[in-house]
Amino acid sequence: MRGVTTPGAGPTKRGDFPVLRRITTRWADNDVYGHVNNVVYYEYFDTAVNGWLMEATGSDIRDLPAIGIVAETSCKFLAPLSFPEEVTAGLGLERLGRSSVVYRIGLFRGDDDVPAALGRFVHVYVDAASRSPVEIPEVIRTAVATHLG
């Protein structure tokens, strides 16, 4: 089956994403209708991006002098996910700016090639103490440019 066709939407199938991360659904993720509640997809995005950043940089990103604040996120729901399924989050880069990173995210059921959801996730970097915008820390910029760029 081919990827979802959305003009200008970037990567739309598993092979389009340079980084893949497994996420295990939890019992509490399901809603009364028996599928993962839509708000949980955003938790998956956050977990995938920040977990990958910690692995790719080899550092605890919470301890950096600049931290990534989620300034924007969106999700296009294409198919339901449900507990107990394995989900693979695909990470890609839409834009690497001076103080922000825009990620493209695909959520895939098990080994499916077609996404159950496509997302956009924006980190804006701010000084950890003052919360004023700053440049992306070099360790983050290097990881993103090297692995997602």
In nm, spacing of pseudo-spin labels at E86 and V39 (7 Å Cα→C-beta vector)
2.9 nm
Remind me, relative contact order of the stretch 14-147 in percent, using alpha carbon pairs under 8 angstrom and six or more residues apart?
30 percent
Taking every other residue with Cβ under 15 Å from the Cβ of P80 and scoring Lys and Arg +1, Asp and Glu -1, one gets -3
Taking R0 as 30 Å, what's the FRET efficiency between A128 and L20 from their Cβ-Cβ distance, rounded to 0.05?
0.50
Neighbourhood charge, 11 Å Cβ-Cβ cut-off, centred on D112 and excluding it, Lys, Arg +1 and Asp, Glu -1:
-1
Counting sequence-distant residues (5 or more places) and residues on other chains, those with an amide H built under 5 Å from that of A116 are L107, F108, R109
Collect residues whose amide H, placed 1.01 Å from N in the peptide plane, falls under 5 Å from the amide H of A128; neighbours closer than 5 in sequence don't count.
A66, I67
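Within the set of other residues whose C-beta is less than 15 Å from the C-beta of A66, count the net charge using Lys and Arg as +1 and Asp and Glu as -1.
Numbers: positive: R62, R98, R131, R141; negative: D60, D63, D127, E135, E138.
Local net charge: -1.
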Hey, rough spin-label estimate for D31 and A79, points 7 angstrom out along Cα→Cβ, what's it come to in nanometres?
2.0 nm
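FYI, it's all coordinate maths here, none of it is from the lab. Quick caveat, the model's predicted, so the values are computed rather than measured. In this analysis, Cβ positions are derived from the backbone assuming ideal geometry, glycine residues included, and neighbour counts consider all displayed protein chains.
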